[in-house]
Amino acid sequence: MTEPLTPPPEDLAAASLTQPHDAFAALRYAEFRNLTLGVFLLTVAMMVQEVALGYQLYTMTHDPLVLGLTGLAEAVPFIALALFGGHLADRRDRRGIILAAVAFVAIGSLVLLWVTLPSTLARISRGSLLLTIYGVIAALGLARGFFSPAASSLAPFIVPRHIIPNAAAWRSSGWQSGAIIGALSAGFLYAALGLTGTLSLVLALILAGLLLFTGLKRRPPQPAEQGTVQAGLWQSLREGIDFVWRTPIILYSISLDLFSVLFGGVVAILPIFATDILQAGPQGLGILRAAPSLGAVLTLLICTRYTPTRHAWRNLLFAVAGFGVMTLLFAVSKIFWLSVAALFFTGAFDSVSVVIRGTILQMMPPDHLRGRVVSVNSIFIAASNELGAFESGVAARLLGTVPSVIFGGALTLVTVLYVWRRSKQLFAVKLS
């Protein structure tokens, strides 16, 4: 395995001042701050847009399947392109890929803003509106297929290897902080500004994130390890998949995330709980949607000081099991604040697995493969999140809302038990 690139001289000087337990170690690098803050603003924007559109669609149709189809519309193009996006991240300048992808997201959000203007809604049918929204969401999925591997694989080229766990915690904190602020504010923004005003704010946040990403430095693609040859496209894609398949700790960790969130996630059907079960309205939906992220960001801030990677595999299994238990509690709760608390702890447990998995993905692959390995992980995440949203909508329609969540939580616990029995050798792996 090759070592990551040596940071520039000014970064080496900063690294020499970094203490082993410095909770702010990664944030002392200006480029990393730009990357993290840019991801934060982009996440706020996407979360506000997702919650506002989801509430609008459900109040228009009262059909759980409509919510599930939004996840499917984003997942299919993302999954189709993510491996190619990882190939490009390893072969091209990551900064250019990030800027192009975010610019494309801004254009898509501008289209959503236009189609939801009162003057446009007055002359467009509901079917045409839904098709336009699904089309734009699919386009955003294409952009994510390029953005995700480029941005997620950049940290090891910005910070020294010994603070990668700290960087993983801060980057996840930026994402989760954006998710909590976006989700919590979305319902209140929708109530105060309406859908059009909310989407105008979304566009402004995306442009601000784009400005931050311009502060990243251009970096040439990394050469392959000595003795290897430049692979063609299909061989290049296969190299990333083969590395994941041959590395049990990566394969099992992303598989745990896939099955737990695919079947145990409830985010996509929260409008149903807020409207029909808890009678909480759009403001209550914002609180419910923000609760997992609040639990996650608080836990991630703790992880910047006390890393969970010391006993990584044990902690990962405990975290995913805790996620399943809290999902079951949310399913049976009829009390609003108990439901909020259960969602809070799903986010807390999930954030522990995010830090551990993120550290594994940054430390295990060689530099010239990291983009493709991260893209494989991105496909698993998309399958768990967006396809999980589709699964949630279909299951809620076929089984009923509460039984579908009980089924998902129980299946998460079964998955943990199966992986535990297959991966006992990984308890000896040390990441820190």
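Let's see how each residue does on (1) among the aromatic types (F, W, Y); (2) more than 17 Å from G38 (Cα to Cα); (3) touching a residue at least 24 places away in the same chain (Cβ under 8 Å):
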site	(1), (2), (3)
A138	no, yes, yes
G141	no, yes, yes
L154	no, no, yes
R161	no, yes, yes
A167	no, no, yes
W175	yes, no, yes
A179	no, no, yes
Completion exercise
Checked region 304-319 for anything in a helix (DSSP H, G or I) and either among the β-branched types (V, I, T) or buried (at least 16 other Cβ atoms within 10 Å of the Cβ) (or both); matches are A312, W313, N315, L316, L317, F318, A319
Handout entry: Extreme residue, farthest from V394 (Cα to Cα), among residues of region 231-286 that are at pLDDT below 75, β-branched (V, I, T) and out of contact with any Phe, Trp or Tyr (no Cβ under 9 Å at 6 or more places or on another chain)
Key = I241
Problem - Some residue of region 136-152 being at pLDDT below 80, touching a helix residue (DSSP H, G or I) at 6+ places or on another chain (Cβ under 9 Å) and surrounded by fewer than 18 Cβ atoms within 10 Å (Cβ to Cβ) - result: no
Practice task
Name, by its number, the condition in (1) surrounded by fewer than 24 Cβ atoms within 10 Å (Cβ to Cβ); (2) polar (S, T, N, Q); (3) touching a Gly at 6+ places or on another chain (Cβ under 8 Å) that does not hold for S293.
Solution key: (1)
Practice task
May I ask you to list the residues in region 245-270 that are crowded, with 22+ Cβ neighbours inside 10 Å, of a type in the set (A, V, I, L, M) and in a helix (DSSP H, G or I)?
Solution key: I254, L256, V261, L262, V267, A268, I269, L270
Practice task
May I ask you to list the residues in region 181-203 that are without any contact (Cβ under 8 Å) to a residue 40 or more places away in the chain and at negative phi?
Solution key: A192, L193, G197
Problem - region 12-65: number of residues that are part of a helix (DSSP H, G or I) and modelled with pLDDT of 75 or more - result: 35
Problem - Residues (of a type in the set (G, A, S), assigned to a helix (DSSP H, G or I) and out of contact with any Ser or Thr (no Cβ under 6 Å at 6 or more places or on another chain)) located in region 107-149 - result: G108, S109, S119, G127, S128, G135, A138, A139, G141, A143, G145
Handout entry: So A75, is it farther than 18 Å from F273 by Cα and modelled with pLDDT of 70 or more
Key = yes
Exercise for the section: Go through (1) assigned to a helix (DSSP H, G or I); (2) more than 19 Å from L184 (Cα to Cα); (3) among the hydroxyl-bearing types (S, T, Y) one by one and return the number of the condition T299 breaks. Expected result: (2)
Problem - Matching entry among G96, G127, G108 (being among the small types (G, A, S), without any contact (Cβ under 8 Å) to a residue 40 or more places away in the chain and out of contact with any helix residue (DSSP H, G or I) (no Cβ under 8 Å at 6 or more places or on another chain)) - result: G127
Problem - Candidate set: region 272-290, residues that are surrounded by fewer than 20 Cβ atoms within 10 Å (Cβ to Cβ) and among the β-branched types (V, I, T); chosen: the one nearest to L411 (Cα to Cα) - result: I277
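The values are calculated or read from the model by the stated rules, or taken from the named source; none is laboratory data. Bear in mind the structure is a predicted one, so any value in this text is a computation, not a measurement. When we count neighbours, we look across all protein chains shown, and the Cβ atoms used for this are built from the backbone with ideal geometry, even at glycine.
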